[in-house]
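Below you'll find the structure, written out as structure tokens, and then a few comments.
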Amino acid sequence: MKLTQPSIFIIILGLLLQTSAFAKSKTFKADKAFENHKYTVAAELYNRALKRTKDKEERNLINFRMAECYRFTNNYRRSMNQYKRLIRYNYQEKEPLILLYYADALKAMEEYPEALVQYKAYQALMPEDKRAENGILICESIQSWIENPTKHQITNLEKINSRASDFSPAYGGRTYNTIIFTSTRKEATGKVKDEWTDQEFSDLFISRADRQGNWSKPTLLDNEDASIESDNTINTAANEGTPFMNKNFTQMYFTRCPNTVKKESGCQVYTSKRVNRSWSRPQLLMLGRDTALAVGHPTLSSDEKIIFFSAERPGGKGGKDLWMATRTSRTSAFGSPQNLGKLINTPGDEMFPFLRNDTLLYFSSNGHISMGGLDLFVSRMDGDGNWSQPQNLKSPMNSSHDDFGIVFHDKKEEGYFSSNRKGAKDDDIYFFQIPAVEFTLKGEVKNRETNRPLNEVRVSLHGNDGSMASVRTDENGEYRFEPNQLAKNIEYDITLSIDNYFNATDEFNTLGYEVSHDFTKNFMLQPIPKEPIVLPDILYDFGKWELKPQYRDSLQGLIKTLEENPKLVIELASHTDSRDTEERNQVLSQRRAASVVEYLILRGVHPKRLVPKGYGESQPREIKNRFNRGGLNLKARTILDEEFISKLDKEAYQEVAHQLNRRTEFKVLRSDFDPHAEFLEEGDSASLGSKPKRRVLPFVKEDGEIKANCTLNGHDFTFVYQEDTEAEIPLREALKLLNSGAITKEDFINDEDLQHGTIRNGAEFYIKELIIAGKPVRNLTIKVNNRLKGKLIIGESTLIMFGLFNFDDEKKVVIFR
């Protein structure tokens with residue numbers, strides 16, 4: 001009977017249990033075959049020995065070994081029957097693991113309710129083994145995974161797959177129309193069958209797809225160039241497999257498991273260089289000192305200085321673990337392997353790693369929460385080298401059988417993986433792709449007061465990836481952003497602007513969306529009124545002008561309005577009640593207005609946008625809407641002048657009315673403010689004998705940092721002054737300039753600093769024009785620093801280019817001469 005197996009490399013790297021003592025007269029040959037991983041041979045020999053054995057204990061031992069043979073070759077049904085038989089004889093009291101393996105086999109056969117029972121039974125005996133908890137969790141949630149699959153589309157590569165085992169594909173060239181893969185098909189080099197799998201020894205094969213997507217007949221990788229006679233450089237009588245190609249497709253790393261007679265040797269990683277379509281003689285890549293240990297499944301970082309691989313080594317977490325090693329250059333030796341730790345590795349097997357974009361590690365495991373057999377997982381590495389909790393790729397990428405050996409296209413959400421799931425002939429290669437996830441954003445914009453649509457409103461999007469886009473509303477007040485203007489996993493800020501209306505802002509994001517989605521955002525814009533707007537709850541003690549801390553929160557709305565409308569210039573008007581003299585009230589109100597302006601400047605509002613104005617008692621308040629406070633009822637359009645207040649019949653009512661008059665308002669004066677316009681102080685005349693012209697740059701000081709404004713290539717920025725630092729820009733802001741066209745590839749000093757749509761940390765580019773305090777300086781250089789958060793950094797060596805300067809801490813300005 002033909003046995004089902006995931007692949008020779010799963011078997012070779014499989015978990016072995018300790019050898020038990022058997023009567024040599026009946027099981028000596030079977031034990032020897034088992035110890036040498038010849039599971040198909042061992043299973044047959046044990047079956048024969050069982051027929052000749054009557055002793056109950058010895059029969060149980062034989063049945064256990066037969067079950068293990070079937071487990072290692074993934075013959076789920078036979079292993080399930082063997083474990084079930086052993087449980088009837090309470091063999092779990094001697095070897096509790098048979099409950100776990102029985103549950104795994106049941107899960108692979110999709111008998112989830114019974115698998116759940118067995119996982120719980122194993123957990124009762126071995127509560128510390130995480131695999132029991134994982135098995136329980138998956139049995140309780142697997143139905144939901146199956147009923148709610150991810151959006152991956154899976155296709156069996158029927159024209160490439162054979163009746164033998166085909167697995168672990170790798171892209172073979174820059175055009176991504178070639179794959180190199182492992183196969184045990186009859187065309188393999190070995191002339192005898194591998195007694196471990198009852199198939200041919202595995203070799204590396206290659207196949208190409210034409211423009212119509214038709215795959216060529218796979219050939220041995222040694223025969224890639226038919227014009228060159230093959231000398232079996234890559235493929236030998238041993239097992240070769242799990243290829244990995246470097247970023248430039250000039251060098252291949254692969255696993256070779258020698259088949260040397262009377263010599264113990266494990267699988268090892270080899271490397272070979274590609275010259276046109278020929279391959280150099282493979283060289284052993286030392287990953288540790290003991291070549292008898294099984295090491296395989298290589299994947300490397302883009303610079304080939306970090307290698308990840310699977311191995312069962314001393315110091316592991318159990319079974320096969322994922323390890324990594326580093327080196328200083330592509331040609332130097334790797335250092336001592338380091339285990340990736342218990343977050344990645346489990347008491348089960350972790351194998352077939354694939355590193356994507358140097359940060360995402362895909363691998364297969366049967367120790368994490370899996371749907372059955374080996375499942376595909378992914379973990380992300382952060383900037384400190386720490387790994388996130390591995391995530392199961394779920395259905396349909398995973399199944400109740402083995403899913404492993406994944407590879408991704410460098411620029412697309414597609415690739416290949418291996419599986420022996422239902423419908424596969426054996427281990428088959430599958431193509432997967434994720435359909436494009438597209439987003440739209442639409443809505444309508446209306447006048448808040450009239451509810452009528454607003455035409456020609458500018459709607460702008462700013463993404464946290466540096467992207468920018470804008471549209472305008474049509475005659476119906478409607479706007480729309482198309483799919484090519486929005487991307488996955490991006491946070492967006494929305495800004496709406498039109499003359500004579502306050503700007504509006506909002507935000508939304510596409511984080512976590514795995515399917516296409518249409519977003520809708522409607523807006524009501526507030527016209528800028530001609531009359532002053534009363535600020536809420538900014539009240540003053542009688543005769544006092546200081547802004548009380550408890551009333552500063554009342555200014556947050558105004559600060560937000562000014563941030564959203566950076567071109568507004570406003571008047572801050574302050575008023576008093578009618579008590580005291582007109583002269584004193586005039587001075588008091590001016591001081592009250594100034595106290596509000598001072599606070600707003602401290603919060604980063606440009607001084608030139610704020611005009612303090614005291615009106616004393618000259619403008620009594622007019623009540624706009626019906627008002628009630630403390631029993632005082634006021635009708636709309638009531639004017640709180642001295643005559644009206646004096647007629648109120650209670651002193652408490654009069655005090656409320658006086659307090660309402662002690663108010664601060666703001667009024668928009670104009671909407672054309674330029675924060676970087678040059679202005680003069682102390683002498684704006686160029687005549688002989690006048691004071692020299694001085695340029696002044698306002699700044700704010702927060703947490704010990706001096707912050708001011710500038711314009712870089714036409715874009716407004718806030719910068720932080722750091723005396724001993726060169727000019728630096730955050731990666732996010734540099735990407736905004738790049739995506740808007742404010743800088744291009746030609747502006748970078750080194751061409752390699754700009755690749756694949758992003759910018760290398762430490763890259764330098766030329767600034768066409770930097771304007772500070774109204775003065776432009778051209779052709780400066782600035783460095784990209786991906787650790788900066790939000791602000792430019794400008795040091796003394798840069799600021800001095802705009803003139804000799806000094807800081808006036810009292811006036812909060814930088815003075816350039």
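The values are calculated or read from the model by the stated rules, or taken from the named source; none is laboratory data. Model, not experiment: these values are computed from the prediction. As a convention, Cβ positions derive from the backbone with ideal geometry for all residues, glycine included, and neighbour counts pool all protein chains shown. Accessible surface is based on the protein model in full, side chains and every heavy atom, while ligands, DNA and RNA are left aside. Shrake-Rupley method; radii C 1.70, N 1.55, O 1.52, S 1.80 Å.
Observations on the structure shown:
- Convex hull volume of the C-alpha atoms in the stretch 579-672, normalised per residue: 127 Å³.
- Only the Cβ atoms of Lys and Arg (+1) and of Asp and Glu (-1) were treated as charged; on that basis the dipole of the chain about its Cα centre amounts to roughly 2420 debye.
- Cross-link table K38/K84; K667/K701; K56/K342; K130/K247; K29/K84, entries beyond 29 Å C-alpha to C-alpha: K56/K342; K130/K247
- Between 0 and 90°, nearest 10: helix 130-147 axis offset from the chain longest Cα axis: 70
- Accessible area of the chain divided out per residue, in Å², using a probe of 1.4 angstrom: 49
- To the nearest ten degrees, helix 39-51 and the longest principal axis of the Cα atoms of the chain are 50 degrees apart.
- Within the chain, longest stretch free of exposed chymotrypsin sites (Phe, Trp or Tyr not before Pro) [DSSP loop, at most 15 other beta carbons within 10 Å]: 90-512
- Distance between the pseudo-spin-label points of E456 and T155 (7 Å out from Cα toward the beta carbon): 5.1 nm.
- When the trypsin sites (Lys or Arg not before Pro) in the stretch 401-469 are filtered for DSSP coil states and for at most 16 other beta-carbon atoms within 10 Å of their beta-carbon, the remaining sites are K411, K412, K422, K425, R448.
- Loop trypsin sites (Lys or Arg not before Pro), the stretch 581-680 (other Cβ atoms within 10 Å of the site Cβ: 12 or fewer; DSSP): K624, R626, K635, R637, K647, K650
- For T718, net neighbour charge (Lys/Arg +1, Asp/Glu -1) across residues whose Cβ lies under 9 Å away: +1
- 3J(HN,Hα) couplings calculated from phi for the stretch 354-366 with the Karplus curve 6.51 cos²θ - 1.76 cosθ + 1.60 (θ = phi - 60°) are, in sequence order, 9, 8, 10, 6, 6, 10, 9, 10, 8, 7, 10, 8, 10 Hz; Gly and Pro show x.
- Between 0 and 90°, nearest 10: helix 24-35 axis offset from the chain longest Cα axis: 40
- Counting heavy atoms of the protein chains alone, I406 has an accessible area of about 10 Å² for a 1.4 Å probe.
- Value of Rg/Rh across the stretch 448-568 [Cα atoms, Kirkwood radius]: 1.08
- Label point at K411 placed 7 Å out along Cα→Cβ; residues across the stretch 746-772 whose backbone nitrogen lies under 11 Å: 756-757
- Largest-first principal axis extents of the Cα set of the chain (Å): 122, 68, 50
- Inter-part distance where the stretch 52-99 and the stretch 325-399 are each reduced to a Cα centre, Å: 32
- Unit Cα scatterers, Debye sum, the stretch 420-505: log10 I(q)/I(0) for q = 0.18, 0.24 Å⁻¹: -0.82, -1.16
- The aspartates and glutamates within cross-link reach of K635, meaning a Cα-to-Cα straight distance under 14 Å and a gap of 8 or more places when in the same chain, are E622.
- Using a probe of 1.4 Å, the accessible surface attributed to L97 totals some 30 Å² when neighbouring protein chains are kept in position.
- Split the accessible area of the chain by element, probe 1.4 Å, and carbon with sulfur accounts for 46%.
- Förster-model FRET efficiency, 35 Å R0, Q391 and K273, C-beta, rounded to 0.05: 0.50
- At 0.890 mPa s and 25 °C, Stokes diffusion of the stretch 745-817 via Kirkwood alpha-carbon radius, µm² per second: 172
- What the Kirkwood sum gives for the stretch 61-155 is a hydrodynamic radius of 13.9 Å, with every pair of different alpha carbons counted.
- Counting lysine pairs in the stretch 353-510 that sit 8 or more residues apart in sequence, or on different chains, and whose Cα atoms lie under 18 Å apart gives 4.
- Value of Rg/Rh across the stretch 319-468 [Cα atoms, Kirkwood radius]: 1.19
- Filtered GluC sites (Glu not before Pro), the stretch 390-485: DSSP coil and at most 12 other beta carbons within 10 Å: E449, E456, E475
- For the chain, the list of Cys residues with no other Cys C-beta under 4.7 Å reads C69, C139, C710.
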